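All remarks here apply to the structure that follows.
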There are 4 protein chains.
Amino acid sequence: MNFRSDNEHGASPEILEALARANAGTSHAYGEDPLTARVESRLKEIFETDLVVFPVATGTSANSLALSVIAPPFGAIYCHSEAHIAVDECGGPEFYTGGAKLVGLAGEHGKLSAEDVEAALAGAHKGVVHHVQPAAISLTQATEAGTVYRAGEVDAIAAAARRHGLRLHMDGARFANALVSLGASPAEITWRAGVDILSFGASKNGALAAEAVVVFDRALAAELGFRRKRAGHLFSKMRFLSAQLDAYLADGLWLRNARHANAMARRLAEGLARIPGARLAHPAEANEVFVDLPEHAIRGLAADGFEFYRWLGENRTLLRLVTAFDTKESDVAAFIASAERHAARANERVA
Amino acid sequence: MNFRSDNEHGASPEILEALARANAGTSHAYGEDPLTARVESRLKEIFETDLVVFPVATGTSANSLALSVIAPPFGAIYCHSEAHIAVDECGGPEFYTGGAKLVGLAGEHGKLSAEDVEAALAGAHKGVVHHVQPAAISLTQATEAGTVYRAGEVDAIAAAARRHGLRLHMDGARFANALVSLGASPAEITWRAGVDILSFGASKNGALAAEAVVVFDRALAAELGFRRKRAGHLFSKMRFLSAQLDAYLADGLWLRNARHANAMARRLAEGLARIPGARLAHPAEANEVFVDLPEHAIRGLAADGFEFYRWLGENRTLLRLVTAFDTKESDVAAFIASAERHAARANERVA
Amino acid sequence: MNFRSDNEHGASPEILEALARANAGTSHAYGEDPLTARVESRLKEIFETDLVVFPVATGTSANSLALSVIAPPFGAIYCHSEAHIAVDECGGPEFYTGGAKLVGLAGEHGKLSAEDVEAALAGAHKGVVHHVQPAAISLTQATEAGTVYRAGEVDAIAAAARRHGLRLHMDGARFANALVSLGASPAEITWRAGVDILSFGASKNGALAAEAVVVFDRALAAELGFRRKRAGHLFSKMRFLSAQLDAYLADGLWLRNARHANAMARRLAEGLARIPGARLAHPAEANEVFVDLPEHAIRGLAADGFEFYRWLGENRTLLRLVTAFDTKESDVAAFIASAERHAARANERVA
Amino acid sequence: MNFRSDNEHGASPEILEALARANAGTSHAYGEDPLTARVESRLKEIFETDLVVFPVATGTSANSLALSVIAPPFGAIYCHSEAHIAVDECGGPEFYTGGAKLVGLAGEHGKLSAEDVEAALAGAHKGVVHHVQPAAISLTQATEAGTVYRAGEVDAIAAAARRHGLRLHMDGARFANALVSLGASPAEITWRAGVDILSFGASKNGALAAEAVVVFDRALAAELGFRRKRAGHLFSKMRFLSAQLDAYLADGLWLRNARHANAMARRLAEGLARIPGARLAHPAEANEVFVDLPEHAIRGLAADGFEFYRWLGENRTLLRLVTAFDTKESDVAAFIASAERHAARANERVA
């Protein structure tokens, strides 16, 4: 019963079946195939706008490529201090941009505020050669804390970006989870709110390995193809990447998967919140639950065979629990029951 | 009837089935799964030595990552002037190495000779700060001309590399095709002949998108994991990459696929060689045929629905024909028949 | 009367004369000249050890080159959050290292403590591919806050570095000022305390434009010559760079210059400290004084023709005052008198 | 008697005197000084156009910085196969551009022809993601073979550049020598002929270490300041760099120096050309003479104390002889006499 990561879950059957279908016959390589074209069509429809799509296989490559076309080597990219791009990609953005600097800003529940961004930009020495130059802001949607940005929040940050001449990137590794959580339209929380370029994730939500850099501003697309190729992220048999995205987007699979994962997280959060001694660190707005539990309960859960991460270190009691498109309700119920039982025992002891 | 590239063929059914099998349950991410471990075991057995394996999804990433651990930013990498790394990767090796220089050497039939390598190294200003420093040699096996290096040839080049303190990389995008062509053992044409690091290809030979950097010298492996991650080539759901490699290596599928592709190329080459006015540019030792045909025959073949590349430009008559694991004998026969028919007509005209 | 920066002062007459002397005749280029050799000899003697010297013209190049041989592209470099390398070099270290990450740590009076370094390293995820890898620590001597590290403090940080397998760099842009402040020997606060590589500054202390990367660990020197050349920092007419360093080191000029600058800073600090409403932000241990003054006094000083920087922004009252090898005692006295006069008037008003 | 390189000669007395004058008082750092402004004014006047100037200290940095603003990381830079940027800068342009590829083209007497450039561009796969993209052409003026491009030749190459959307860089390490050789105006052989950006050299022609990136297209200047700073080429005490350029340009010193050097080269070439068994490899149009001499004469010259380079290797008989602003007529005469004497003796032997 794995609550470690949505990365550790498999793929939706529909997506595997799409791979099998895509295998028929030969097909032009490197994206000159009909499936890739269809993915672009689908995304145009879903986002209600013209756009350019670059399928890739990993979130780190999507983020790093996106950032490489909006930040020069001497640029600064503003993000939350716990953003995946800043702490979990082994310097991917620095590699792809040729040495841009990630500037981490604090912010409650994993979110940047427009005020903090504005304050950081005001002190950024724009135009002074001694300092890296503000180039881009990157938001994670859903955030690394399992929360989501409202359209208005994105818009306010985008306004600050525009005022200072910066571009806005969205790391949408869990974009679907954020979307269904908000009940918003894809356009509303992206380009209409000022997002220039989006890492559109599918791997965590039922694909095998598929993401897409979605470029809303065509001017940014010119370089991206070359950068993707030289980074080794242009697949020869692209149809197998596009087939995943195609099936993901068809018939609302991506939304169904995300809704299920979110529902499981909500149920988990509600169940755990009722346990004496438990404390939710962040609102569970997408498919992640951050909960502080008594040490004894944590050990009990592990002994019962549940897998999860202690979030801040091996001797800490904050857990990150991630649900996925195929997390079973019975596993969630079992987790809550186990936590309740072990926490109660711990409380007895203390008493 | 596609003879454009082995990249345009699909995947072996066995490999698709392996994906479906790999989809059961959850699995630790980022390579901490049993399938990835099994791929490493299989490769150790196949290569009869200790080694470290880094699965990736594309040949460009395998090559660029491999070169990034054997050439410093101020290094020179010697390769054939038509090597894929030099002309078809949009500067991937330069990106990954931080600006190393690819030095292209001439060589008949796509192959470097030990003499030419030795001569180039002798004039390379080793130790002089004004010049990039010889760091590595890269051989493509099978070559971009569809030929193969004999073990002795690899060994002679490796000896030159060692004499001058260089590392030896092998771009094995079509390694299986070379291997079965030579009837050699994998060890014989790699580490025993002096290869330090190998890009082991599977995508062109029946995988969806799977390659592996195979590191024979453990010292080179230390950096590779970090470089792969920051380049965005560490898959979260690695099991789906490893499942492809696992099925590829199981029960000799990789060798069967390569044998078939090679046999089709040989048949094609033999058939075309008999056509008056046709000329094979290189011996067809693997799964590629380079043939010069009369312009009229080329147009006729295209009109008959055959797909292929003119190799040196749109107004040139050298064709590259590539066969794959699933190329049909009937397609090969049809191609030869069409070429014969159109060439004959062309000859009539001339006469 | 310029207290803005030691960078805004000229050159010692002895150094200009050395340039004229160095101009006689022809001389082999790129460092193959006797003056460059003599600089290395002098530094070996001064540091009482074997070492390798790479003269360059700027502090940013010295720092960036030094860091590029001790941190890989996926490395983390720990430094004070206000370190020059982190905030004033427009991403120079990121450029030269190929994208390493500078990790800024807090610390009183511009100094890192061994404890904070140790804590940061303990949480650095060593060996985990998702995170940049701790590679180096960089200390500034004297610090950006005008304070100095004692030999014991350097040693404690070096011990933490060694424990975790990191290299230790010292940014000695104001090395002479630190040295004479401490009354230590050069060896004592560098290699004997565990420094692997030093940016040895001269420009701020009387040279026109001359620094030297001093490499205590010969293993680090192998790459440096190539990296310096490709960065464009190998001077053809090197004798003119070396002549500056030679004269700087001859007859203790560097120490005399630094002693004077430090004495002027001390006098300035003492004079200002006595003014009601003034507050020294840091001990003035080298040639910089950080003093908070009443706004009215600051305006009065500016009106009297004194030049200086407001340190934290145009509407802030913390001044940085820098003295140099040729700062006049009378200018210092005049500054104090002006500050006193204006501060008194300000106090009258308040009263 | 040094004919090895103009780099091995010293500085013009006028330039050293300018340094002494520039040393008076304090001056704002990093180029905010009046001397730097004056250099820009002078160059605007000399080039009869608006332009932006970035003083640096070395030719490699000038070239690499210039190229970094006209070629993206995935760009191709076309130059002569013997261009300094391609063979003598240890990969500087690759470093600064983030991995662009230098494409060396053949060409008689060190010069590219418009036809060859056009042919190379025609086959460059513009817009195809597998290949680096043509971005810039770089001409060396005077060339590495001691020849010069006529305005019409530059113009023809610039026309090819424009047709294909490329930028044109001129490496003017010996710009003054080319200029006086041609008797052209600076404008005529640069921006009027289509040059976008120029490395304007002074070091080889009498400065200590001073070059300037001269940007004719202001759009290219925006990034250059940041790139110069992060590369460590922004001098704090910039006045000492600008003072050199100022004196170099004042009163036609740069032209006088170049005229003398060229005259000495011409005399040398004429004298050597008359020697039986000698052969000039290239016309001596600037301040370099490439002459093939009998081995015995070469040894005799060396024995007589003359210093020079054998150009193609230690066992080859092609010499490069470089004259400078202060090469003495008597040294030239002595060289010719020595060569004559030794050649005659050699001829006797042969006879």
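The values are calculated or read from the model by the stated rules, or taken from the named source; none is laboratory data. Fair warning: this is a prediction, and the values are worked out from it, not measured in the lab. We place every Cβ from the backbone using ideal geometry, glycine too, and count neighbours over all the protein chains shown. Surface accessibility is based on the protein's heavy atoms, side chains included, excluding ligands, DNA and RNA. Shrake-Rupley method; radii C 1.70, N 1.55, O 1.52, S 1.80 Å.
The single residue among D:Ala247, D:Ala286 that is within 27 Å of D:Leu208 (Cα to Cα), surrounded by 24 or more Cβ atoms within 10 Å (Cβ to Cβ) and in contact with an Asp or Glu (Cβ under 8 Å, 6 or more places away or on another chain) turns out to be D:Ala247. Residues of region D:95-128 that are touching a helix residue (DSSP H, G or I) at 6+ places or on another chain (Cβ under 6 Å) and charged (D, E, K, R): D:Glu118 alone. For region D:225-247, the tally of residues that are more than 13 Å from D:Ala29 (Cα to Cα), of a type in the set (Gly, Ala, Ser) and at the interface with chain C (Cβ under 7 Å from one of its Cβ atoms) stands at 2.
Note on region D:36-60: among residues that are in contact with a strand residue (DSSP E or B) (Cβ under 9 Å, 6 or more places away or on another chain) and small (Gly, Ala, Ser), the one that is most open to solvent (accessible area, probe 1.4 Å) is D:Gly59. For the residues A:Glu82, A:Glu108, A:Glu94, the requirement of being closer than 27 Å to D:Leu234 by Cβ and under 23 Å from the mean Cα position of the chain (by Cα) singles out A:Glu94.
For region A:120-133, does any single residue satisfy the condition of being at the interface with another protein chain (Cβ under 8 Å from one of its Cβ atoms), of a type outside the set (A, V, I, L, M) and in contact (Cβ under 8 Å) with a residue 60 or more places away in the chain? So far as region A:120-133 goes, yes, one or more of its residues are at the interface with another protein chain (Cβ under 8 Å from one of its Cβ atoms), of a type outside the set (A, V, I, L, M) and in contact (Cβ under 8 Å) with a residue 60 or more places away in the chain. Looking only at residues in region B:296-344 that are open to solvent by 40 Å² or more (accessible area, probe 1.4 Å) and among the aromatic types (Phe, Trp, Tyr), the one that is farthest from B:Ala11 (Cα to Cα) is B:Trp311.
Among the residues of region D:151-181, the ones that are under 30 Å from C:Ser27 (Cα atoms) and of a type outside the set (Gly, Ala, Ser) come to 7 in all. Out of all the residues in region D:156-187, which are aliphatic (A, V, I, L, M), in a helix (DSSP H, G or I) and farther than 12 Å from D:Phe200 by Cα? Correct list: D:Ala156, D:Ile157, D:Ala158, D:Ala159, D:Ala160, D:Ala161, D:Val180, D:Leu182.
For region B:110-133, the count of residues that are over 30 Å from C:Pro72 (Cα atoms), of a type in the set (Asp, Glu) and assigned to a loop (DSSP other than H, G, I, E, B) is zero.
Every residue, every condition in (1) among the polar types (S, T, N, Q); (2) more than 30 Å from D:Arg38 (Cα to Cα); (3) touching a Phe, Trp or Tyr at 6+ places or on another chain (Cβ under 6 Å), yes or no:
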position: D:Ala221; (1), (2), (3): no, no, no
position: D:Arg230; (1), (2), (3): no, no, yes
position: D:Phe240; (1), (2), (3): no, no, no
position: D:Ala258; (1), (2), (3): no, no, no
position: D:Ala278; (1), (2), (3): no, yes, no
position: D:Gly300; (1), (2), (3): no, yes, no
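Residues that are within 14 Å of another protein chain (Cβ to nearest Cβ) and of a type in the set (A, V, I, L, M) were ranked within region C:102-115; the one that is most open to solvent (accessible area, probe 1.4 Å) is C:Ala106.
Each row is one residue, and each column tells you yes or no for (1) part of a strand (DSSP E or B); (2) more than 8 Å from chain B (Cβ to nearest Cβ); (3) under 17 Å from A:Gly206 (Cβ atoms).
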position	(1), (2), (3)
A:Ala11	no, no, yes
A:Ala18	no, yes, yes
A:Gly25	no, no, no
A:Tyr30	no, no, no
A:Ala37	no, yes, no
A:Glu40	no, yes, no
A:Leu43	no, yes, yes
A:Val53	yes, yes, no
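Might you let me know whether region C:36-43 holds any residue that is under 21 Å from the mean Cα position of the chain (by Cα), of a type in the set (A, V, I, L, M, F, W, C) and farther than 15 Å from C:Lys237 by Cβ? For region C:36-43, residues under 21 Å from the mean Cα position of the chain (by Cα), of a type in the set (A, V, I, L, M, F, W, C) and farther than 15 Å from C:Lys237 by Cβ: present. Of all residue pairs spaced 6 or more apart or on separate chains, those with beta-carbon atoms under 6 Å, a first member in region A:158-169 that is touching a residue at least 12 places away in the same chain (Cβ under 8 Å) and a second member that is of a type outside the set (A, V, I, L, M, F, W, C) and assigned to a loop (DSSP other than H, G, I, E, B) are A:Ala158/A:Gly194; A:Arg167/A:Asp196; A:Leu168/A:Gly194; A:Leu168/A:Asp196. Of all residues in region C:61-95, those satisfying the criterion of being in a helix (DSSP H, G or I) and either open to solvent by 10 Å² or more (accessible area, probe 1.4 Å) or more than 14 Å from chain D (Cβ to nearest Cβ) (or both) are C:His84, C:Ala86, C:Val87, C:Phe95. The condition of being out of contact with any Gly (no Cβ under 8 Å at 6 or more places or on another chain) and modelled with pLDDT of 95 or more holds for A:Ala250. Residues in region D:311-328 that are out of contact with any helix residue (DSSP H, G or I) (no Cβ under 7 Å at 6 or more places or on another chain) and under 28 Å from D:Ala178 (Cα atoms): 8 in all. Taken together, the residues in region B:165-222 that are open to solvent by 30 Å² or more (accessible area, probe 1.4 Å), modelled with pLDDT of 95 or more and within 14 Å of another protein chain (Cβ to nearest Cβ) amount to 2. Here A:Glu118 passes the criteria (1) open to solvent by less than 10 Å² (accessible area, probe 1.4 Å); (2) over 29 Å from A:Met238 (Cβ atoms); (3) over 20 Å from the mean Cα position of the chain (by Cα) except the one numbered (1).
The condition (being under 26 Å from D:Ala11 (Cα atoms), surrounded by fewer than 19 Cβ atoms within 10 Å (Cβ to Cβ) and modelled with pLDDT of 95 or more) is satisfied by just one residue among D:Arg256, D:Arg228, D:Arg274: D:Arg256.
Can you say whether A:Gly99 is surrounded by fewer than 23 Cβ atoms within 10 Å (Cβ to Cβ), within 14 Å of chain C (Cβ to nearest Cβ) and of a type outside the set (D, E, K, R), as far as the supplied structure shows? No; evaluated as a whole, the condition is false for this residue. B:Val332 meets the stated requirement of being in contact with a Lys or Arg (Cβ under 6 Å, 6 or more places away or on another chain) and more than 14 Å from chain D (Cβ to nearest Cβ). When region B:125-164 is filtered for residues that are more than 27 Å from B:Leu182 (Cα to Cα), crowded, with 18+ Cβ neighbours inside 10 Å and touching a His at 6+ places or on another chain (Cβ under 7 Å), the ones remaining, listed by number, are B:His131, B:Pro134.
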